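Written out below as structure tokens is the structure these notes cover.
The values are calculated or read from the model by the stated rules, or taken from the named source; none is laboratory data. Every value quoted in this text rests on a predicted model; they were computed, and no experiment measured them. Using ideal geometry, Cβ is built from the backbone for each residue, glycine included, and neighbour counts are taken over all protein chains shown. Heavy atoms of the whole protein, side chains included, go into the accessibility calculation; ligands, DNA and RNA do not. Shrake-Rupley method; radii C 1.70, N 1.55, O 1.52, S 1.80 Å.
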Amino acid sequence: MTRVEAPIDGRTARSARTRDAVVAAFLDLLEDGALRPTARQVAARAGVSLRSVFQHFADLESLFAEVAGRQIQRLQDLWPAPPADAPYPDRLAMFVAQRSRILEAISPVRRAAVLQEPFSDVVAQRLKWVRDAAQAEVATTFASEIAGRAAADRVVLLAALDVATNWGTWETLRRQHAMSQEAAARAMRRMIEAVLKEGASWSI
């Protein structure tokens with residue numbers, strides 16, 4: 001017996017398209033530098049009515065949750081970690097190239113997220129997840145250089161590597177020191193090299 005697929009309800013499809021358009025519009029506004037887009041701005045960018053925004057998202061938390069999920073999807077192609085078994089110079093070069101691309105790509109959205117973090121549980125949770133993932137990647141990438149250190153030394157070493165490679169430091173290099181993306185990446189590499197070289201001289 002041939003299975004007959006149920007036709008897609010037109011209203012459901014339109015609703016999904018409207019929801020997607022609102023999320024995309026919010027992200028586009030953040031990319032354009034709007035740190036706190038208003039519902040009216042989002043509706044105008046999405047090409048929908050203001051009422052539609054509130055119909056699809058009961059509150060800001062639900063909108064933030066979907067926007068955060070979409071942002072993570074956008075960045076997935078930039079996230080493959082360097083091979084853990086590659087020689088240190090290759091791992092270092094690949095890590096810096098990858099991390100600098102990611103930090104540059106997330107900067108417009110991250111600026112807005114940091115402003116919203118104290119007032120939104122959803123934003124705070126998503127930022128914590130991203131920070132934890134970034135720290136775990138550092139630990140995995142440089143596991144060979146960190147292995148063998150005393151537990152207390154490893155904690156300090158990982159913290160120093162995290163500071164050298166996180167978004168806050170990248171933002172300082174790019175905005176406060178007005179470095180180009182390439183110069184900021186070189187500074188990151190120099191900091192990683194300095195931390196690992198210093199860490200190697202610590203006594204166990």
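Whenever a residue of the range 124-148 is at negative phi, its partners that are among the aliphatic types (A, V, I, L, M) and outside any helix (DSSP H, G or I), lying with C-beta atoms within less than 8 angstrom and at least six residues away or across chains, give the pairs 137/81; 140/81; 140/84; 141/81; 141/84; 143/84; 144/84. Scanning the range 75-90 for residues that are out of contact with any Asp or Glu (no Cβ under 9 Å at 6 or more places or on another chain) and in contact (Cβ under 8 Å) with a residue 24 or more places away in the chain, we see that the one that is nearest to residue 122 (Cα to Cα) is 75. State whether one or more residues within the range 177-198 are open to solvent by 70 Å² or more (accessible area, probe 1.4 Å), at pLDDT 95 or above and of a type outside the set (D, E, K, R). The answer is yes, given that some residue of the range 177-198 is open to solvent by 70 Å² or more (accessible area, probe 1.4 Å), at pLDDT 95 or above and of a type outside the set (D, E, K, R). If you go through the range 98-115, how many residues are under 28 Å from residue 193 (Cβ atoms) and loosely packed, with under 14 Cβ neighbours inside 10 Å? Looking only at that region, the number is 0. Output yes when any residue across the range 119-130 is assigned to a helix (DSSP H, G or I), modelled with pLDDT under 95 and closer than 18 Å to residue 161 by Cβ, and no when none is. Looking for residues that are assigned to a helix (DSSP H, G or I), modelled with pLDDT under 95 and closer than 18 Å to residue 161 by Cβ, one finds at least one in the range 119-130, hence yes. Taken together, 104, 31 contain a single residue that is modelled with pLDDT under 95 and either of a type in the set (Asp, Glu) or on the phi > 0 side of the Ramachandran plot (or both), which is 31. Is there a residue being under 24 Å from residue 164 (Cβ atoms), crowded, with 19+ Cβ neighbours inside 10 Å and within 16 Å of the chain's Cα centre (by Cα) anywhere in the range 72-81? No, the range 72-81 contains no residue that is under 24 Å from residue 164 (Cβ atoms), crowded, with 19+ Cβ neighbours inside 10 Å and within 16 Å of the chain's Cα centre (by Cα).
Within the range 177-195, being assigned to a helix (DSSP H, G or I) and among the hydroxyl-bearing types (Ser, Thr, Tyr) holds for no residue.
Of the residues screened, residue 57 is not one that is more than 25 Å from residue 28 (Cβ to Cβ) and in contact with a helix residue (DSSP H, G or I) (Cβ under 6 Å, 6 or more places away or on another chain).
Residues of the range 116-156 that are under 18 Å from residue 66 (Cα atoms) and open to solvent by 70 Å² or more (accessible area, probe 1.4 Å): 119, 121, 125, 126, 128, 129. Does residue 25 satisfy the condition of being under 26 Å from residue 100 (Cβ atoms) and surrounded by 14 or more Cβ atoms within 10 Å (Cβ to Cβ)? No, not satisfied. In the range 145-168 there is no residue matching the filter, namely being modelled with pLDDT under 95, among the β-branched types (Val, Ile, Thr) and in contact with a Phe, Trp or Tyr (Cβ under 6 Å, 6 or more places away or on another chain). For the range 1-28, the tally of residues that are hydrophobic (A, V, I, L, M, F, W, C) and either in a loop (DSSP other than H, G, I, E, B) or at pLDDT below 90 (or both) stands at 6.
Among residues that are open to solvent by 60 Å² or more (accessible area, probe 1.4 Å), more than 16 Å from residue 188 (Cβ to Cβ), among the hydrophobic types (A, V, I, L, M, F, W, C) and part of a loop (DSSP other than H, G, I, E, B), residue 58 is included.
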